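Heads up, the thing below is written out as structure tokens.
Where a number appears in this text, it was derived from the coordinates with a stated rule and is not lab data. None of the values given here were measured: they were computed from a predicted structure. All Cβ positions, glycine included, derive from the backbone under ideal geometry; neighbour counts span all protein chains shown.
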Amino acid sequence: MCGIVGYIGPRQATPILVNGLRRLEYRGYDSAGVAVWEGGKSRVVRCQGKLQGLVNKLEAEPAPGMVGIGHTRWATHGRPSDINAHPHKVGGVSVVHNGIIENHVHLRQQLEASGSKFSSETDTEIVAHLVAAELSSAKDLTEAVRRALTKVVGAFAIVVMDDAHPDTLVAAKKASPLVVGLGEGENYVASDVTAILDETKEIIFVEEGDIVTVTRQGVSITDPQGKPVERTPTTIRWTAAQAEKDGYRHYMLKEIHEQPRAVADTLAGRIDLENDNVTLDGIVVDTSNIKRIVMVACGTSYHSSLVGKFLIEDFARIPVEVDLASEYRYRDPVVRDTDLVIAISQSGETADTMGAVQLAKERGAKVLAISNVLESSIPRLSDYAFYTHAGPEIGVASTKAFTTQLVSLTLLAIHLGRQTGTLSPERARLLLAELLALPNKMAELIEHGAQLQVIARRYGNSRGFLFMGRGNQYPIALEGALKLKEISYIHAEGYSAGEMKHGPIALIDEELPCVVLVPQGPLYEKTVSNLTEVRAREGKVIAIASRGDKEIGSVSDEVIMIPNTLPELQPILSVVPLQQLSYYVADHKGTDIDQPRNLAKSVTVE
Ligand code: M6R
């Protein structure tokens, strides 16, 4: 995930910037850079790879000066490289940016048409061009930034410096974190408190739409219209280690809470409301030659593929098979050149998924990768790559990577359905509107997680758990069971609720909690029947149901209400309480949540 640090004061900026970036290293990044001003102009030094590479470069060619900005980049637009690393400089204007500029294609075309020359593939460079253009008529740097930002759609935290305004840094925030650190005759700006906690504990948390002018003497903040606003500083009492997790006790919990943002980022720039369609970052999958789709993946990514099957078959009416990558690669599968193979991998490095992709390609299929890591091995090996924009996931148990995979698959299915003509514009419009509403619904759902803490304590000493669902909730039952066993070491099984009577029902007694996914939808009644079968055998029922369901309380021991959405999108919400339940059960048991025993984040061996 990208990180920002800025400094203005009486000391050398470079060591402060590098130290701040080092504090952000844990978040994952692929390149780093600084811009430092001295003697009338700033010098930009950037380097792909680890921060140490930048430090070596700076030792060879120092960047002295007492004003500067620094950045660690986690690529989203444009591959990891020296030229795509931040800061981006246009004329005298240097910019660092976290987030995604949604209208970057349009803005870039406009700027190029009026003669601007780009030196990188990033969306960020657009901001530098816009600010540089506004500076010719703006009264100061703050004004230029304000005007430039009126043209930008998306999520951002930016910091701008300009060679002609060396006494000022200007920062702005929209839907991406930004803080200002206060010192004596010196001030700081950063994307995260962690980056500047070694320098100051007096922090202003910048709010939505704020534009901040930072000088040595002080900080002034205005709203998007230029009206001054007051923000009260907070004295931070966290340690640096706590700050790395934004105050959360574990990365997993932090990542659960990051999901609304991650989902919004995955949607950003991809929804075409004018045409009731989706743009897949320039990927056009020609459906005329596709007779079948085969999805290959492992673990949690396999579960998202199972949901993907429902979506693609429903919207595009193309038959879909889903296979565990470790099985597919060794079972001599039938592969045709009319197959589209979709490989899903958060890390993009899973050995089994990579093996499956290699095999599919050797046998003539086209491969589309869905991954969270730009330029990782699986996307590089594939014909097309589509990225979830979840930001790096550090906890071994996948959470935000899963929900953004579901969102990506929904986008892909809509795109395919519009191409085959089997998804009407009216239905697509409805789906797109509901997708856009998901981040808020998810945020509200996560905030009500305290109930899960109570349930986790109540059932956390059970020897086993059963998770049940039907239709597109069945893969979510599998995912809930996987999550629980991964981090709490409690045996859990995910089952299709309709399959219970063929065996697992024998397990049910008063000791066995059964989590039943029963949101409103076409299979509601049938799932309620399965749930009552559990109840009739003394099983304890924890129901995940839609808000407003008045019946479910009378047949369940616990009810967790989730916001309403279209049944096709329900899995994106219904999985959230299961993530929280697993987290709180594991916390209750005191296991190592972020690094559970025997597991690795990226499984690069067979
Ligand atoms: O990086 P990938 O998505 O390819 O990883 C696949 C699995 O190893 C992964 O999903 C694993 O199951 C997670 N630990 C689940 O939380």
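Report the Rg/Rh value for the range 122-230, based on alpha-carbon coordinates and the Kirkwood definition of Rh.
Details: Rg = 13.3 Å, Rh = 14.0 Å.
Radius of gyration over Kirkwood radius for the range 122-230 works out to 0.94.
Please report, in whole Å, how far the alpha carbons of the range 1-138 spread along each principal axis, starting with the longest.
Each principal axis gives a Cα extent; for the range 1-138 these are 40, 33, 22 Å.
Which net charge results for the neighbourhood of residue 63, defined as the other residues with beta-carbon distances under 12 angstrom from its beta-carbon, given Lys and Arg at +1 and Asp and Glu at -1?
Working: positive: 41, 43, 46, 57; negative: 38, 59, 61.
Here the charged neighbours net out to +1.
What is the set of long-range amide H partners of residue 154 at a cut-off below 5 Å, with H atoms built 1.01 Å from backbone N?
102
Taking Rh as the Kirkwood radius computed over C-alpha pairs, what is the Stokes-Einstein D of the chain at 10 °C in a medium of viscosity 1.306 mPa s, expressed in µm² per second? Don't skip to the answer; put the middle values down first.
Working: Rh = 25.4 Å.
For the chosen part, D equals 63 µm²/s.
Tabulate in residue order the Karplus-calculated ³J(HN,Hα) for the range 538-553, using 6.51 cos²θ - 1.76 cosθ + 1.60 with θ = phi - 60°, rounded to whole Hz; enter x for Gly and Pro.
6, x, 8, 9, 10, 9, 9, 10, 7, 4, x, 6, 8, 8, 4, x
Determine Rg/Rh for the range 102-143; Rg is computed over alpha-carbon atoms and Rh is the Kirkwood hydrodynamic estimate from the same atoms.
Working: Rg = 10.7 Å, Rh = 10.9 Å.
Here the Rg-to-Rh quotient is 0.99.
Roughly what % of DSSP beta bridges within the range 257-446 run antiparallel, to the nearest 5? Spell out each step's value before the answer.
Numbers: 3 of 23 bridges.
Expressed as a percentage, antiparallel bridges in the range 257-446 total about 15.
Taking only the Cα atoms of the range 257-446, how large is their convex hull per residue, in Å³?
Working: hull volume 19.5 nm³, N = 190.
Normalising the Cα hull of the range 257-446 by residue number yields 102 Å³.
Report the semi-axes of the equivalent ellipsoid for the range 450-589 in whole Å, largest first, where each axis is √(5λ) for an eigenvalue λ of the Cα gyration tensor. Don't skip to the end; give the middle numbers.
On the way: eigenvalues 79, 59, 39 Å².
Taking √(5λ) for each eigenvalue gives 20, 17, 14 Å, largest first.
Kindly state, to the nearest 0.05, the FRET efficiency for residue 429 paired with residue 554, given R0 = 56 Å and r defined as their beta-carbon distance. Each step should come with its number before you reach the end.
On the way: r = 37 Å, r/R0 = 0.66.
Efficiency for this residue pair is about 0.90.
Quick check: the angle from helix 400-420's long axis to the longest principal axis of the chain, C-alpha only, nearest 10 degrees?
That helix lies at roughly 80 degrees to the long axis.
So what does log10 I(q)/I(0) come out to for the range 118-170 at q = 0.18 Å⁻¹, using the Debye formula with one equal point on every Cα and no solvent?
Evaluating at q = 0.18 Å⁻¹ gives log10 I(q)/I(0) of -0.56.
Of all DSSP beta bridges in the chain, what percent run antiparallel (nearest 5)? The partial results should precede the final answer.
On the way: 63 of 103 bridges.
Antiparallel bridges: around 60 percent, rounded to the nearest 5.
Under 24 Å from the Cα of residue 151, which lysines turn up, not counting those fewer than eight places away in the same chain?
By straight Cα distance, residue 151 reaches 89, 117, 139, 173, 174, 227.
May I ask for the equivalent-ellipsoid semi-axes of the range 3-239, computed as the square root of five times each C-alpha gyration tensor eigenvalue and listed largest first in whole Å? Display every interim value, and only then the final one.
On the way: eigenvalues 109, 92, 57 Å².
For the range 3-239, the semi-axes come out at 23, 21, 17 Å.
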